[in-house]
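Report on the following structure.
Rule-based calculations on the coordinates, nothing more; no lab input. Just so you know, these numbers come straight off a predicted model, no measurement behind them. Glycine also receives a Cβ, built like all others from the backbone with ideal geometry; neighbour counts cover every protein chain displayed.
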Amino acid sequence: MPVSRARLAGRTRELEDLRTALDDVRAGAGRTVVVAGEAGIGKTRLVEELTSGAAGVTLVSGQCADSGSGPVPYAALMGVLHDVVRELGPERTLATAGPGAGALSVVAPQLVEPDGDPGAERLPEVLANLLGGLAATRPVLLVLEDLHWSDDVTRALAVRLARTAPAGLLLVLTYRSDDVGRGHPLRAAVAELDRARVATRLDLDRLGEDEVRTMARDLSAAELDAAALSDLVERSAGVPFYVEELAGFLGSELPESLRDILLLRYWRLSPQAQALCRVVAVAGPRVWHDVLDDVVADAAGAVGDDPDQVTREAVEGAVLVATDVGYEFRHALVQEAVYAELLPGERRRLHAAYARALTTALNARARSVMKLSRIADHWWKAGVLGNALAAAVVGHDAAAGAAAVSTAVSLGERALELWEQVPDAADVAGLAHHELLLRVAETVRNSTRSERALALAHEALAEWPQDDPVGLARARTTTALIAGHAGSDEGPGLLERALALVPPGTDDSVRARVLIMQARHAMLAGWPREAIEAADGARHAAEAAGDQASLATALNLRGVSRHLGGDPGGIDDIDRGFEIAGDDWYAASRYYINGSDARLIAGDWAGAEAIAAKGAQRGQGATGDALLMPDGTRSMVEGNIAEAWIGQGRWADAAVWYERHIPLLHTSIYAAYLTERWTWLAMWRGLVDEAQAEARRRAATWERFGSLEVQVRSKVAVTQAELALLRDEPGQALGLVSEVAAEGHQVLPPYDLPRLAVAARAITCLRAAGQEVDDAPYRAALAACSHWPTHPVWAALFEAELGTGPWPAVADLPGPAHLRPYALFREGETLLDAGDRAGARDRLERAVAESERIGAGLITGWATGLLERAGLGGGAGEPRAEGTTGAGAARPPSDTTSPAGTEPLTARERQVLDLVAEGMTNGEIAGRLFISPKTVSVHVSAILRKLGVSSRTEAALRARA
């Protein structure tokens, strides 16, 4: 018999890297290592080598699995939780998990009794907190294997742990690189970890000839001749698993095909043991003891009269491995090869047997999403289509409710595929086809495949019976929501048609929901009057129906819309809606989101933070309500806290929150909101190159959702325009914010005022470059916003940017935290231009101090650079702000570095000035000097500043003189 294990060959560096990471964790750090390589390359063996010598740590592991039609939901998480419970015991596990422990019932219903909605979408967070709590008492080595078969929740947990890096926890992730193609969901997660530089990556290569020979000598009991070794090197292709399979059979004729290599040990078993292996292979890589016993008993004696002895033979033959819960193949590749040995009829019979056995286990033990999805898979592969359809519908609903989105989508799509093949499908499935379409559409939307979701929703609408007007109205309302998530503008039309189906008195509860959606669409689009009208209609319908939750939501939307229009009574509506919401979480969550946002846009950052913080606390169950927020709601509530921190100058706290949460978001409206704020913050922190790259990467998503929501559109315009100014592209900047001065523009002060300030800065830059720009439309837009609470500071900034107002007025007024150091810097520039060096030094040093206090590295870099270049001291020798390298980051908006006329022109600037004097445009100068128009623009701006003139004409006259 061949020896089954050789010394680890060719992995010295990789093992040392893993051991170093473990030492770091023992010292209190948090580390993540990603191990990637093709099937059989030795990922598991490398990890086993690490764990075998991991003294003084708690080992926790989980292995993902494939059902043959998609990931087995929570497969890895079941292993993780099993190991944690083994370490802590059930009571300490639940106590360590904290208020969200109920979410663990999704994975282990035997640990905690399911109670209503367990909040499955919070499972990654709850498990991360649980593992972090465990690591706080003793170092933890957490291994998640085979992530190429991972489900959404397992990937989310892996990313969350990698980003948060809990102290004392080493996370090791493994996956088959050859199974992760361009469209694989793991690809994006791994790329995000690489981009964020939060993980060490180990890519395992094939072994060299010497390493193969070393392994072969370890594995073979006999002396090997050179010819046999050469044959082994050629056949194994340097893949360690193939070396192990082949080494014991040297001297005989070696197989040519990969499949034959994998089946070498299998073929040496008795017919009964081979039959047992085929039975296990149908289950997948592993099977539970009791389920296997039921299937073997159902397999009509194929494994003989003594199953235990046959099982022992398969284990001793190194084909199967016994575990404490069942059996698994020594390697997934072997399972795949043995499964391929099954005859079609044998395969169908065994899949049906597994479906029956799992149904028995489901009824005998706790109900779980994993069992339901496996039952659905087995009936499908057994070809029992009626059972497959019924199980797919049940499995879809269970998976959708347990946040197993990929499983739910797979089962929902399969149910739709099976529908036409099953007689009396509606009776079998327990619902009509159009209802199934709409359910699956909602599930697909949650997977961020919004276009596919919208197509399914349209199909449901096309099939919906006309004699069910209330159901059709509800379906159109759902489709309108999906359309908004897909970036489609068809929502308002759908809602108009939905409303016509439910006149007053028909079904006032559904009518209220339609009108609520109309109010939401109008509010987000920036039409407050229309939103108020729809919200009033929803309020009356909700009152008629006695629907308190809808009444609370209608009042909330009415209040937000009144507030946007400048009506101070809007806040009262928002607060009253919250009182009526009571224990209804959805209605209350509108208050935590919209109520805090209403304070944010009015400049009340402390009030906004207080409301959002209460929502976050309640959502965690810390107040005794045990309410668990969906990820989208949580993103908005906590995102409002982060935005309140930005306004108050707590930029470091905000940055930490964004860095942890942005990678966890799928493409959605929530991602549009939060990535814009993160990009803006990165820019002002001085990470200009990162912000420019992020803006380019997110541009399509921002544009898509900005076309539907004014808040996204306006904030994105400000961020992109400020980035354009840093690139010295004032024309593009003005174009990005010019909507505020367009004829017929709906005035919305909280969104218009920041755009007007950027417009003023762009106009000044364009005028300095010799362009005539009329600021009258922008002044008119500014006057229209005079009633808004934050108007004074933005109006002062507008005038200061245009040179018609003093910078101290900006610094002395309450406003966003970055405006004060920015205004101090700009005042320092102005004083320096006027020759007041002492005053300039005072303002610039204060700008440095205040920008450093909040973390505004961009302003710090500008101010310290100007102090240095002007010879004013104070900043000499100090480090530059992070990321303030390159022309865009280092150059302040007006780039005034010394009093006019005291700084000589460079040789290149003199060349540019001569061509300006000839009347050439920037493009013509660029062609003459073989440089870019952007570079010419930079030189022209510097020339105007150094000469102390405001236009190209004046510069040309100075040059001729």
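For the pair the range 380-441 / the range 1-66, the C-alpha centres are spaced 40 Å from each other.
Extending 7 Å from Cα along the Cβ direction at Q309 and again at T51 yields two label points whose distance is 3.4 nm. Annotation: for a label point projected 7 angstrom from Cα along Cα→Cβ of E954, residues of the range 767-781 with backbone N closer than 12 Å are 767-770.
Rounded to the nearest 500, the helix-only mean residue ellipticity at 222 nm of the chain stands at -20000 deg cm²/dmol, with each DSSP H run of n ≥ 4 adding -39,500 (n - 2.57). For the chain, the longest principal axis of the Cα atoms and the long axis of helix 185-196 meet at an angle of about 50 degrees.
Shown is the FRET efficiency for D836 and T921, computed with R0 = 35 Å from the Cβ-Cβ distance and rounded to the nearest 0.05: 0.45. Placing +1 on the Cβ of every Lys and Arg and -1 on the Cβ of every Asp and Glu, with no other charges, gives the chain a dipole of roughly 1960 debye about its Cα centre.
Of G647, A776, L269, whose Cα points farthest to the positive end of the dipole of the chain (charges on the beta-carbon: +1 Lys, Arg; -1 Asp, Glu; origin at the Cα centre)? Going by the Cα projections, it comes out as A776.
Across the chain, Cα pairs under 8 Å and at least six residues apart give a relative contact order of 7 percent. With the charge dipole of the chain set up from +1 on Lys and Arg Cβ and -1 on Asp and Glu Cβ about the Cα centre, the Cα lying farthest toward the positive end among the listed residues A29, V936, I516 is that of V936. Relative to the longest principal axis of the Cα atoms of the chain, the long axis of helix 209-219 makes an angle of roughly 40 degrees. The range 1-61 has equivalent-ellipsoid semi-axes of 23, 14, 11 Å, by the square roots of 5 times the alpha carbon gyration tensor eigenvalues, sorted largest first. Start at zero, step by 20 Å, and the Cα-Cα distances of the chain spread as 12, 36, 32, 17, 3, 0 percent across the bins. Using the average count of surrounding beta-carbon atoms within 10 Å as a protection proxy, the listed peptides 719-728, 379-388, 148-157 rank, highest first, as 148-157, 719-728, 379-388. Can you pull a Stokes-Einstein diffusion coefficient for the range 271-429 at 20 °C (1.002 mPa s), Rh from Kirkwood over Cα pairs, as a whole number of µm²/s? Estimated via Stokes-Einstein, D reaches 132 µm²/s. Beta bridges per DSSP, both residues in the chain: antiparallel share near 25 percent. Cα extents for the range 727-802 along the principal axes, largest to smallest and rounded to whole angstrom: 34, 25, 21. Spin-label pair D689-A426: with each label point 7 Å from Cα along the Cα-Cβ axis, the two points sit 6.3 nm from one another. Let me check against my output: what whole-number percent is the relative contact order of the range 439-493, with C-alpha pairs under 8 Å and at least 6 apart? Reported relative contact order: 31 percent. Find which of W380, T701, Y242 sits farthest along the positive direction of the dipole of the chain, computed with +1 on the beta-carbon of Lys and Arg, -1 on that of Asp and Glu, about the Cα centre. Sorting the options by dipole projection puts first T701. Can you give me the pair-distance distribution of the range 13-111, C-alpha pairs, 5 Å bins, whole percents? Result, from short to long distances: 2, 10, 16, 19, 18, 16, 12, 5, 0 percent. Stretching S257 away from A907 to a fully extended chain increases their span by 226.9 nm, per 0.36 nm per residue minus the current alpha-carbon distance.
All alpha carbon pair distances within the range 12-203 were sorted into 5 Å bins beginning at 0; the resulting P(r) in whole percents reads 1, 8, 17, 21, 21, 16, 10, 4, 1, 0, 0. Computed over the Cα atoms of the range 667-719, the ratio of the radius of gyration to the Kirkwood radius (Rg/Rh) comes to 0.95. Equivalent ellipsoid of the range 635-724: semi-axes from √(5λ) of the C-alpha gyration tensor, largest first, are 18, 15, 12 Å.
For D194 and R138, a Förster radius of 22 Å and the Cβ-Cβ distance give a FRET efficiency of 0.15, rounded to the nearest 0.05.
Principal-axis analysis of the Cα atoms of the chain puts helix 688-706 at an angle of about 80° to the longest axis.
Note on the range 737-781: Rg/Rh from Cα positions, Kirkwood definition for Rh, rounded to two decimals, is 0.99. Each residue of the range 937-942 was assigned a 3J(HN,Hα) from its phi angle through the Karplus curve 6.51 cos²θ - 1.76 cosθ + 1.60 (θ = phi - 60°); the sequence is 4, 4, 5, 5, 4, 5 Hz, with glycine and proline shown as x. Need one word for the range 266-365: rounded, prolate or oblate. Basis is the Cα gyration tensor (sqrt eigenvalues a ≥ b ≥ c); a/c below 1.5 gives rounded, then a/b vs b/c decides. Here the range 266-365 falls in the rounded category. Given R0 = 60 Å, the distance between the Cβ atoms of E346 and A652 translates into a calculated FRET efficiency of 0.45.
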